[in-house]
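Before any comments, here is the structure.
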Amino acid sequence: MMDFSRIGVRVHGGMPAVRCIALAEAAEANGFSSLWFAENPFNRGVMPAVAGAVLATKRLKIGLGVVNPYNRHPTLIAMEIAALDELAGGRAALGIGSGIGERVMRMGLSYDKPLGAVRDAIAITKGMLRGDAVTYAGAVFSAHGAKLEFPAPRPDMPIYMAAMGEQALRLCGQIADGLMISNLCPPGFAGHARTIIAEGAAKAGREPPQTIIQYVPCVVSENRVAARRRVRTTLGEMLSAYWALYDRWPATKAAIIRDSGIAEEEFPIAIARIKAGEAPADVLDERYVDAYAIAGNTDDWQAGVQRFMRAGVSELVLTFVSSDPQRDMALLAPLLKA
């Protein structure tokens, strides 16, 4: 029987805090294991909602996934995650990534060394959580005797790294405790990622991290046709919003295409049709749903989870994109609580 004990829910700064808290309560009530908060520049900062979700729940793991060191200096990341873990009684989790380059540059900051920024952030944050007075001269971020003035509840708290390109995956293997994979990566990417992470870990003389957390858009309904149509709309919106940006970061684009079963030349054609006014649900075929989402009835959902878990994902985090995510969660409760 499939193990559904590591299924989480993703929320984000595009949602009001009260909405995130309501979804946290629903996630806990329906048997989900975690709630992850995604944060990007210029949307809501997630910390008010994160604190509210911690206080509204008792069991859920509450994750920051991911924060970037351009929004928050690594010393501030250490301060906030330690305080959050204190409030949560050890239920907090942390993912760090380089953020969306185009938005970081709109902040007036240089984005020419994103991997250096992540390396610096993880080194400084880990050291401070251990209670060290961190002196570190990094390529992007530095610290000079930075030390928490209170003990972190878990000095060895795992820090996960967001990565998609091969250089980033190797770095993850060298310095992080696990990998976070964003939306729009097909199931097969996880297996590829494990191989590259292992190469990085071997170079650093350490065991490769085993945790892979992946975000996936999701719609669950008794009407499977409607559910799969709804998720195609979301996928079309996501591809239209980000495809042109990926031209600057070809490693990210390669990760999206790899193992999708869709030829690279098909993407710009589909996106052009959507931008010309065609409905995404009419443009994108079933291959896009199977590659980038989990949608349909509960049988479809179980099959979708199996696709990702068998590929090497250890924690699957669902972005519910229907108009009633609490209803979707309730449909899954019998499976999650079995």
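The values are calculated or read from the model by the stated rules, or taken from the named source; none is laboratory data. Everything quoted here is computed from the prediction, not taken from an experiment. Cβ atoms come from the backbone with ideal geometry, glycine included; neighbour counts cover every protein chain shown.
Filter the range 221-232 for residues that are in a helix (DSSP H, G or I), surrounded by fewer than 18 Cβ atoms within 10 Å (Cβ to Cβ) and not basic (Lys, Arg) and give the result.
Val225, Ala226
When the residues of the range 192-206 are narrowed to those that are of a type in the set (D, E, K, R) and within 19 Å of Met180 (Cβ to Cβ), which ends up nearest to the chain's Cα centre (by Cα)? Break it down stepwise before answering.
As a first pass, look at the range 192-206 and keep what is of a type in the set (D, E, K, R): 194, 199, 203, 206.
Still in the running and within 19 Å of Met180 (Cβ to Cβ): 194, 199, 206.
Numbers: Arg194: 16, Glu199: 22, Arg206: 24 Å.
Taking the candidates together, the pick is Arg194.
Among the helices (runs of 4 or more DSSP H) confined to the range 237-338, the ones with at least 2 residues that are exposed (fewer than 14 other Cβ atoms within 10 Å of the Cβ) and charged (D, E, K, R) are located at 286-292, 298-310. For the range 151-187, the tally of residues that are polar (S, T, N, Q) and either in contact with a helix residue (DSSP H, G or I) (Cβ under 6 Å, 6 or more places away or on another chain) or farther than 13 Å from Val66 by Cα (or both) stands at 2. Taking the conditions exactly as written (modelled with pLDDT of 95 or more, over 30 Å from His144 (Cα atoms) and in a strand (DSSP E or B)), does Gly31 satisfy them or not? For Gly31, the condition - modelled with pLDDT of 95 or more, over 30 Å from His144 (Cα atoms) and in a strand (DSSP E or B) - is not met.
Of the conditions (1) closer than 23 Å to Gly8 by Cβ; (2) at pLDDT 95 or above; (3) of a type in the set (Asp, Glu), Asp285 satisfies every one except a single condition; which number is it? All conditions pass for Asp285, except number (1). Contact map, the range 8-30: residues that are under 21 Å from Leu336 (Cβ atoms) paired with residues that are hydroxyl-bearing (Ser, Thr, Tyr), Cβ distance under 6 Å, separation 6+ or inter-chain. Pairs shown: Gly8/Ser33; Gly8/Ser34; Arg10/Tyr215; Arg10/Thr319; Ala24/Thr57; Glu28/Thr57.
Scan the range 203-232 for residues that are in contact (Cβ under 8 Å) with a residue 24 or more places away in the chain and over 27 Å from Arg6 (Cα atoms) and the total you get is 2. Among the conditions (1) on the phi < 0 side of the Ramachandran plot; (2) touching a helix residue (DSSP H, G or I) at 6+ places or on another chain (Cβ under 7 Å), Phe42 misses just one, which is (1).
Can you tell me which residue in the range 1-35 is surrounded by the fewest Cβ atoms within 10 Å (Cβ to Cβ), limited to those that are β-branched (Val, Ile, Thr) and touching a Leu at 6+ places or on another chain (Cβ under 6 Å)? By that ranking, first place goes to Ile7.
Restricting the first member to the range 261-289 and to residues that are farther than 19 Å from Pro186 by Cβ, and the second to residues that are at pLDDT below 95, the beta-carbon pairs closer than 7 Å and six or more apart or on different chains are Ile274/Ser240; Lys275/Ser240.
So which residues in the range 172-210 are more than 16 Å from Gly97 (Cα to Cα) and among the β-branched types (Val, Ile, Thr)? Passing the criteria: Thr195, Ile196.
Of the residues making up the range 36-69, those that are part of a loop (DSSP other than H, G, I, E, B), surrounded by fewer than 21 Cβ atoms within 10 Å (Cβ to Cβ) and among the aliphatic types (A, V, I, L, M) number 0.
This table checks each residue for (1) at pLDDT 95 or above; (2) within 16 Å of the chain's Cα centre (by Cα).
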{"position": "Met2", "(1), (2)": "no, no"}
{"position": "Arg6", "(1), (2)": "yes, yes"}
{"position": "Arg10", "(1), (2)": "yes, yes"}
{"position": "Ala24", "(1), (2)": "yes, no"}
{"position": "Asn40", "(1), (2)": "no, yes"}
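Please specify each residue of the range 1-60 satisfying the condition of being more than 24 Å from Ala293 (Cα to Cα) and hydroxyl-bearing (Ser, Thr, Tyr). Within the range 1-60, just Thr57 meets the criteria.
Just checking, does the range 196-217 include any residue being among the hydroxyl-bearing types (Ser, Thr, Tyr) and in contact with a helix residue (DSSP H, G or I) (Cβ under 9 Å, 6 or more places away or on another chain)? The answer is no; no qualifying residue exists.
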